[in-house]
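> Structure incoming, see below.
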Amino acid sequence: MSGTGDYYFDSYSHYGIHMEMLKDYHRTTSYRDAIWRNAYLFKDKVVLDVGCGTGILSMFAAKAGARKVIGIDCSSVAVQARQIVKDNGFEDVITIIQGKVEDLQLDEKVDIIISEWMGYFLLYESMLNTVLYARDKWGTPDVKLFPDGANMYVCGISDEQYKQERFDVWDDVQGFDFSYFKRLSYIEPLIDTVSREQIATNTASLFSFDINTVREEDLAFTSEFTLAAARSDCVDALCVHFDTPFTAGHEAVVLSTTPLTAPTHWRQTVLYLHNPLRMKRGEQAKFRMCCRPNACNPRDLDIALHVEFDGELQSSHYDQDFRLR
Amino acid sequence: MPSRKNPPPYASGPNHNKKNNNNNKNEKKNNASGRNASVERIIANESLLATESEKHATSKSLYGDPGARISGNVHNIYDRIRMRAYQSILKNIKGKSLLHLGCGMGLISMIAARSLASVVVAVDHSAIVDAAQVVAKQNGLQNISFFHGSLRDVMPQFPLQKFDVILCEWMGAFLVNDSLLDDALFARDNLLAEGGVMCPDGSSIHVVGVSDYAFHLDTVEYWSNVYGFKMEPMKALVRQEVETCSVPAANIATSTCLAHTVNIATLKKSIESDMNGTGSSSNNNNNNNGGEVEGETAKKMSGQDLNDYTVPFSMRASRDTTVNYLTFFVDATFTNPNDPGANFVLGIRPGGSNLWTETSVGLPEPLPLRAGETLSGELRVRVVDRRRGAAAVDITARTDGGVAKVETSGSYVYQHC
């Protein structure tokens, strides 16, 4: 390896992303446990690791006894992954390919697809479409997917302090009325850690699908849910989290991003309500959420929310748009 | 996975005592007080939420435009140090014209407009300026116009072509690597009125020796054993990276050395090609929009190099210590020949809060030092691609032999986000 600035520059790959994902202990060990506790599934099988990054999941699969593992990633970290695989003695089992799954050429179908495709809000910027493409093109008829399920959940939270810091500050900035920025702020969901104390309602199921059968077009969803106040409080925002069960093997493992346990690197997605709901304990609010990729920019998610609440302290019926970008 | 590249949500600044308790709970049913709200929704969706880049499905959305994220602009409200510095120039802006490059949310520009500047023109690459324009209008500011795009593209639409004051924070983490510098130089050579000023006009880089073995363990040694696997190749990636993060005061182990100063007035002229042979050109030679380069002086021709500097540095250890990182701080100064009262320094506070987050590089070999011993070395910075703020940084550093004679060298890559 030469040490010129040019070489370094071409090979530049931000290690921080990979470190953040690997140091996300719950994320990484969920995959590890799902694979190792079901090692019998992997014995002598062909595995595809979609978006392999540093190759960690490919090595888990190889250690579980896979005959052949193909790790594919379009970023230049594939260069490092290839060396890592070699350094750990898996070069006869694991092949690392730098490129797109769409350009992949294999000489046999794959028995298992492992991939950590989940994004914020589960679907934002996720690699799920790539996984579905791989499933349909390269999977055997009974291909096993790790994970094979996905569920999104939503609950109401109170967040007075944040509201002040992020929204109300715009009312008066050095004597200017920046309330237009406040309005725009509501469009931006926030990715942050929600603490369990903030949760003010029950948790409702938002959207679920089976990765064995889901199609790309199914991922634009409309969901109706009801939230009941667990205490008398002001519901300032909706908090969305997800989990992905691994049920392909006999021992199930669930990777969860709930606010009830230590935060993962996905944290939670917070949608601030234009008109917070002052709810008394037991009162119910109805919501309808539509979520689809933005027409101009499919990497962005458009989220439309309809809120219906008739409580003792207030009645609110309104629509609000969000955009995750 | 791409979604990880998202900048983390901005950690909120100091607690803010709200001035007006504007918890307006009078609700508008169904948003139906109607037209205004929905009109604004359309504005929002068409300007701020649909940036130019989005006409291409492959665009990276806000990755290419992080400034358009409203939440990312919250900290500007709390940026009192910067505000106070600019106040000194703003209080004399009455009757003068102002060009603000990299105006962001436009707060400083609006203050200038409110201070009765004759004309304010504010430019930014980010779609946030579309929202700023709405705010300016809503606040009844007449004498201000915002432009979204690159300076050379939008310049023909400016209401005037010469400005008394050009505000631009053109300094990068390594002084000359920021993409705004091209615009600043272009503005200096083409848009500055006779006797006009560039603000800030000077910037220095300071070097400090840092002792942080834990960070090294956490970022480099971490890869020795990742869930039972060796990931040695990742160490090279970590070692070549310039880290951007705050350094706690407790880890600062030497005095501060001012290593290099750049002045906007003496940098070479803007149409110099500024590439040294890597990749794409970051400087559109401007021949196509009437920006005639006039008033070029011989001084500018032979000014400081835009793309490459090599400077020595030397610091003294403040205690018995082992330095394994060098940290760089950038300041900005303004010296106004017409109004010395408006001078300011946006200074640095190693270990405290700084205007720009400091950058650090890990030394391949740690340097053991006795208290008072000199740590010396050289810093070389080469701009690789200014549009991306990218620079190659080479460091040599050595002890004086108080504990042991050690000399170490490393090469690093810096680029924005």
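> Just need a number here: residues in the stretch A:229-269 that are more than 14 Å from chain B (Cβ to nearest Cβ) and part of a loop (DSSP other than H, G, I, E, B).
The qualifying residues number 14.
> Out of (1) in contact with a Gly (Cβ under 8 Å, 6 or more places away or on another chain); (2) not in a strand (DSSP E or B), what's the single condition that is false for B:Ile111?
Just one mismatch for B:Ile111, condition (1).
> Right, here's the next one. Could you pull out the residue among B:Phe158, B:Phe186, B:Phe215, B:Phe174 that is aromatic (Phe, Trp, Tyr) and in the same structural domain as B:Ala68 (by the TED database)?
Going through B:Phe158, B:Phe186, B:Phe215, B:Phe174 in turn, just one is aromatic (Phe, Trp, Tyr) and in the same structural domain as B:Ala68 (by the TED database): B:Phe158.
> How many residues are in a helix (DSSP H, G or I) and buried (at least 21 other Cβ atoms within 10 Å of the Cβ) when one looks only at the stretch B:181-207?
Residues that pass the stated criteria total 9.
> Return the residues of the stretch A:43-72 that are closer than 26 Å to B:Ser224 by Cβ, crowded, with 24+ Cβ neighbours inside 10 Å and of a type outside the set (Val, Ile, Thr); say none if nothing qualifies.
Listed by number, the residues that qualify are A:Asp49, A:Cys52, A:Gly55, A:Leu57, A:Ser58, A:Met59, A:Phe60, A:Ala61, A:Ala62, A:Ala66, A:Gly71.
> Quick check on this structure: which one of A:Asp87, A:Asp49, A:Asp111 is closer than 14 Å to A:Ala134 by Cβ and within 14 Å of chain B (Cβ to nearest Cβ)?
When all the criteria are applied, what remains is A:Asp49.
> Here are some residues: B:Arg316, B:Arg349. Which one is more than 20 Å from B:Gly410 (Cβ to Cβ) and without any contact (Cβ under 8 Å) to a residue 40 or more places away in the chain?
On inspection, the qualifying residue turns out to be B:Arg349.
> If B:Val262 passes every condition in (1) out of contact with any strand residue (DSSP E or B) (no Cβ under 8 Å at 6 or more places or on another chain); (2) in a strand (DSSP E or B) but one, which one does it miss?
(1)
> Evaluate the stretch A:144-163: report whether one residue or more is of a type in the set (D, E, K, R), at pLDDT 95 or above and assigned to a helix (DSSP H, G or I).
no
> Tell me which residues, restricted to the stretch B:389-411, are facing chain A (nearest Cβ under 10 Å) and surrounded by fewer than 22 Cβ atoms within 10 Å (Cβ to Cβ).
Those that are facing chain A (nearest Cβ under 10 Å) and surrounded by fewer than 22 Cβ atoms within 10 Å (Cβ to Cβ): B:Asp394, B:Ser409, B:Gly410, B:Ser411.
> Sort through B:Asp218, B:Asp164 and tell me the only one that's surrounded by fewer than 23 Cβ atoms within 10 Å (Cβ to Cβ) and either in contact with a Ser or Thr (Cβ under 7 Å, 6 or more places away or on another chain) or within 19 Å of B:His260 (Cα to Cα) (or both).
That would be B:Asp164, the only listed residue that is surrounded by fewer than 23 Cβ atoms within 10 Å (Cβ to Cβ) and either in contact with a Ser or Thr (Cβ under 7 Å, 6 or more places away or on another chain) or within 19 Å of B:His260 (Cα to Cα) (or both).
> In the stretch B:232-241, is there at least one residue being touching a residue at least 60 places away in the same chain (Cβ under 8 Å) and over 22 Å from the mean Cα position of the chain (by Cα)?
Among the residues of the stretch B:232-241, at least one is touching a residue at least 60 places away in the same chain (Cβ under 8 Å) and over 22 Å from the mean Cα position of the chain (by Cα), which makes the answer yes.
> Additional query: Just to be sure, is A:Thr213 assigned to a loop (DSSP other than H, G, I, E, B) and out of contact with any Lys or Arg (no Cβ under 8 Å at 6 or more places or on another chain)?
Yes, satisfied.
> Give the residue, chosen from A:Glu160, A:Glu188, that is among the acidic types (Asp, Glu), surrounded by fewer than 21 Cβ atoms within 10 Å (Cβ to Cβ) and within 14 Å of chain B (Cβ to nearest Cβ). Give the steps one after another, and end with the answer.
Working: A:Glu188 fails: surrounded by fewer than 21 Cβ atoms within 10 Å (Cβ to Cβ).
Checking each option against the conditions leaves just A:Glu160.
> Just one of A:Met118, A:Met127 is within 14 Å of chain B (Cβ to nearest Cβ) and at pLDDT below 95; which is it? Step through it out loud before you land on a result.
Values: A:Met118 fails: at pLDDT below 95.
Going through A:Met118, A:Met127 in turn, just one is within 14 Å of chain B (Cβ to nearest Cβ) and at pLDDT below 95: A:Met127.
> Pairs only if they're at least six apart or on different chains, beta carbon under 9 angstrom, first in the stretch B:104-119 and within 12 Å of B:Val135 (Cα to Cα), second of a type in the set (Lys, Arg) and crowded, with 24+ Cβ neighbours inside 10 Å; list them, first residue then second.
Taking only residues 6 or more apart or on different chains, not a single pair turns up.
> Let me ask something else about it. If I go through the stretch A:281-316 residue by residue, how many of them are part of a loop (DSSP other than H, G, I, E, B), surrounded by fewer than 16 Cβ atoms within 10 Å (Cβ to Cβ) and out of contact with any Lys or Arg (no Cβ under 9 Å at 6 or more places or on another chain)?
Residues meeting the conditions: 3.
> Could you pull out the residue among B:Tyr325, B:Tyr414 that is more than 14 Å from chain A (Cβ to nearest Cβ), closer than 19 Å to B:Glu241 by Cα and either without any contact (Cβ under 8 Å) to a residue 40 or more places away in the chain or hydroxyl-bearing (Ser, Thr, Tyr) (or both)? Step through it out loud before you land on a result.
Working: B:Tyr414 fails: more than 14 Å from chain A (Cβ to nearest Cβ).
Checking each option against the conditions leaves just B:Tyr325.
> Considering each of A:Glu125, A:Glu165 in turn, give the residue that is among the acidic types (Asp, Glu) and touching a Lys or Arg at 6+ places or on another chain (Cβ under 7 Å).
On inspection, the qualifying residue turns out to be A:Glu125.
> May I pose another question? Can you name every residue in the stretch B:120-142 that is assigned to a loop (DSSP other than H, G, I, E, B), within 14 Å of chain A (Cβ to nearest Cβ) and without any contact (Cβ under 8 Å) to a residue 60 or more places away in the chain?
B:Asn139, B:Gly140, B:Leu141
> So, one more: Consider the stretch B:356-375. How many of its residues are over 31 Å from the mean Cα position of the chain (by Cα), part of a loop (DSSP other than H, G, I, E, B) and surrounded by 18 or more Cβ atoms within 10 Å (Cβ to Cβ)? Full working, then the answer.
So the first thing to find is which residues in the stretch B:356-375 are over 31 Å from the mean Cα position of the chain (by Cα), and the list is B:368-373.
Among the residues that remain, those that are also part of a loop (DSSP other than H, G, I, E, B) are: B:370-373.
Imposing the further condition that a residue be surrounded by 18 or more Cβ atoms within 10 Å (Cβ to Cβ) reduces the set to B:373.
Of the residues in that region, 1 qualify.
> Give the stretch B:65-89 a look and list any residue that's closer than 14 Å to B:Cys199 by Cβ and crowded, with 21+ Cβ neighbours inside 10 Å, or say none.
B:Ala85, B:Tyr86, B:Ile89
> Within the bounds of the stretch B:160-172, is there any residue that is acidic (Asp, Glu) and more than 14 Å from chain A (Cβ to nearest Cβ)?
We begin by selecting, within the stretch B:160-172, every residue acidic (Asp, Glu); these are B:164, B:169.
Checking the rest, the ones that are also more than 14 Å from chain A (Cβ to nearest Cβ) come to B:164, B:169.
Yes, because at least one residue in the stretch B:160-172 is acidic (Asp, Glu) and more than 14 Å from chain A (Cβ to nearest Cβ).
The values are calculated or read from the model by the stated rules, or taken from the named source; none is laboratory data. It should be emphasised that the depicted structure is a prediction, and the values quoted were computed from it without experimental measurement. Using ideal geometry, Cβ is built from the backbone for each residue, glycine included, and neighbour counts are taken over all protein chains shown.
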